[in-house]
Structure formats: structure tokens, C-alpha cells
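Each reported figure results from applying straightforward, stated rules to the coordinates on display, with no laboratory input. From a predicted model like this one, the values you see are computed outputs, not experimental measurements. Here the Cβ positions follow ideal geometry from the backbone for every residue, glycine too, while neighbour counts run over all protein chains shown.
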Amino acid sequence: MKRALTTLLTGVVVGSTLLVTAGPAAAQTEPALPRERLVAEVAPAVTYVQTRATGWVREKGTGREIGTVRLTGTCSGVLVSNDGHVATAGHCVDAADLTDALRRRLAGDVATSPGATGTAAQYEAFILARYDIGGPAPGSPVQRDVTVVRADASGPEQRLEARVVDSLPNERGDVALLDVDGENLPAAVLAPAGDPTPGTPVTAVGYPADRDRVMDPSRDPSWKDGTVSSVQTRDGVPFVEVTADMAPGMSGGPAVDARGRVVGLNSMGIGDSGAFNFLAPTATLRSMLERNGVRTEPGPVDLRYRAGLDALAAGENADAMVAFADVTRLRPDHAQAAKQLTAAQQAYAADGDAGERRTRTLLLVGGGVGLLVLLSGGALTTVLLVRRSRRRTVPTGAFPTTGPVGSFPPAGFPAGHPSGPFPTAGPVAPFATPPWGTVPAPRPEESPVVQRTPEDR
């Protein structure tokens, strides 16, 4: 049997899809985003992950190489930093998990080959006992070639070679961290620390392999809704059970809450029916990010993009256009920003801008109030002038209309008097009481003596 198995193993090349399943979870303390807004918030950070694993099969003890086995798998991922760090499921790229997957795939291939006499499980046990699967050099890990494709990038498909920074196999947390070249990349927001509670709405995002095999190639991921069922542990490691429907290929994609914040990574399913789906919680991912010094603060692209979404939702279409235009200048390949810019332009053409409408309203209201104040002030001034005029009118007979005028200075009223200069020629009109007091009308027996000067003539 050993000779037959060796013949079957030599030169074997295997292609397959890595098993991937997922489920999400969330913490909802704020109002839920509308569905369209949630998709716009998360989609730019979603990625497609492809792994090509190659294992060299060697006899234990002798180290004799008898062949190679290859496997290609597809998963999902999510950008978590602007400088190119991508989170995905551990079993998609972890060397130990890939070694197990290569062994299972090889055993299954042997079990279905002509002349096979055992089951896949029997062959797997035999391979595990007699052979090592590793890298090109004895004792080295299997070879991993990981490529990240940005789902949201416009134009030709962007395939970015990724480096595996860190990973945890499935049973130890099922989280991995990749690094690709880039800056100002759109990144997702991580939910606050703490496990989501049962009943919390969640949405799992990813690329089902079965869908992509049947349908035309698409950059649009699937969005599967569900709720948190429970929080469980596996050998002390936490996992969150969810009701969202998952499928192989969605592993590593983000599971987001109703605010679009990542609460976990799609991890695994149990049972043929897919009734039990789990995700690796954000706490596990946060620990890995901190261990590797990865910062997750939003960068200029994220800040301007989310400002544009907020403005668009508020009807501030002019501000939204400016924000999305800024994003497209920073990242011309930001497909969602280009899409939202078009939406803002169309909304502005149809409805204008809420901010501009408010400004016009304020100007109209302010102008009306100002006019009212002006009119009211004018009316009040008229009333005051009328009242003052009435106070300044002297009853007939208060001063003589003929004869001596009395001892008034010929140069007129004192400076600043409201009546202005006193006329120096012509008849004297009635006038207000001078500020120095009332001059009584002269009685016949008390006619004033007036000393005239040449200027008085």
C-alpha cells in the first residue's frame, strides 16, 4: 500500500477552495444606519483574498521528497488601517491550517484515484503517520502566496501582493493580519471593546465561493443579515455565534453592527446545514493589532469620505460634493467616493442645498426683521418729532409780536441748540423756550429799556 500511495503522491497538483464560513456580531448603542448608508460606509474597506499554498511531501525519517501538493483558496478580508493592513481569518493564511488543508486535500484526491482501497479519512491518517508536508527546504513551513484584491477599487482589478504579518490558527482565535503596499487606503471602523449581546443585529460581508463559481465575476460582496445568538468559547478562546447565513469564501470578511463598525471576522460554520455560524470577535483582532503596533485611527481619506456621507444624508449637497471631490483627488481609485459624488451632484441639481436654503431663509428673515425695525424706528422718530414740535410751539401771546423783542442775543441761540441759528433779519417766528428759562411778557409799567447799538438798526 505504501508503494501505491507513493506513486499516487508523486507529482500530484491539487486545486481547491479553502473552506470558509462566517458570522457577525454587533453592539448597538446608537441609531442604526439606513441600509444604503451602511453599505456605503463599509464597502470601500472590503477585500478579496486569494491564497496559493504549496506543500512538499517528504517521507518521515529519510526526508525523501516524493511530490508536491498545491491548493488555491479564496477568502474575504477588510482593511483596518490606512497604510495597508488587512484583517482576515487565520485559517485562510496560517501555515499550520494550510498544512492541514493540504493533507486533507491530498487524502481526498488519493481516495478518489483509480485503485484506491481506503476512505479519505484512512488515507489522511496514513499520510499524517508516514509523511511530512512542508516548504521547499526540509523543516520549513509550506509556501504561501497571498494576494489581496480591493473590492471597491475602480478601473482594472488591483491585485496587491500581501505579506503575512501575524496569524492565529482556527482553534486559537482564527485571525490573521496581512500587509500590502499603499497609503491613504480606506479602512473600516472597529467597534468598541466588549462582546456583543444576544439579539444584537449584525451583517456579515464577504465573497461566497459558490456564488462566484456560478455567477459572472463581481466585485460586489454579499451582505447577510442576522443577530447574535450567543457568545461561546473553544478551548477558552471566545467565538460569537450568529444567525446570519454564511458560505465558504466569506471567511475573514467583516461582520458589522448597525452602525457599520466591525464587531468580528467571519470564521467558521458547524454542521452541513450551516445552522451554526461563528465569528472571531473584535477583541481577538485588537490584541493582534496592538501586538504588531498597528494604528487604526482614520486618515484623511476616511475623514473626508464620512464627512461627505454625513453631508449628503443631511441634504448639504454642496458640502458633500466638495468632500467627495477631495477623496477622489487623494484616491482616484475610490469607487464609492466617485459613486457618491455623482449622487451628490444629482441631488444638488434636483433639490439644491439645505445649507443654502437655510442661509436664504435667514437672510430673508433677517431682512424682514431689519425692515420692520427700520419702519418701527421711523415711525417712532416721527412721533417723537411731532411731540417735540408740540412742546416747542408757544401759545399766542406768550411774546409780543410788535415792539421791542426783548433782550435776546442778536447772534442767535447758543451752540448746540436744537432750533439752529436764529434769523438776523425779517419777522421773528414763534420759537421754543430758550434753555436759560422763560422770559415773561413785559407789563406796561415795566417796559424794558433797550440799549441799541448801530448793528441793531
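Summing +1 for each Lys or Arg and -1 for each Asp or Glu among the other residues whose beta-carbon sits under 10 angstrom from that of R234 gives -2. In a shell of Cβ-Cβ distance under 9 Å around A247, excluding A247 itself, what net charge do Lys and Arg (+1) and Asp and Glu (-1) give? Within the 9 Å Cβ shell, the charges total 0.
For N184 and R64, the FRET efficiency from 1/(1 + (r/R0)^6), where r spans their Cβ atoms and R0 equals 60 Å, is about 0.75. The residues T88, T117, T203, T99, when put in order of fewest to most other Cβ atoms within 10 Å, stand as T117, T99, T203, T88.
Among S113, S222, sorting on how many other beta-carbon atoms sit within 10 Å of each Cβ, with the fewest leading, yields S113, S222.
Below 9 angstrom from the Cβ of E124, what's the summed charge of the other residues (Lys, Arg +1; Asp, Glu -1)?
Once all neighbours under 9 Å are counted, the net charge is +2.
If R0 equals 45 Å, the separation of the Cβ atoms of A32 and T119 corresponds to a calculated FRET efficiency of about 0.40.
Full extension of the chain segment joining R291 with D333 gains 12.0 nm, where the gain is 0.36 nm per residue of separation less the Cα-Cα distance. Each of K224, K60 was scored by other Cβ atoms within 10 Å of its Cβ. Arranged with the fewest first, they read K60, K224.
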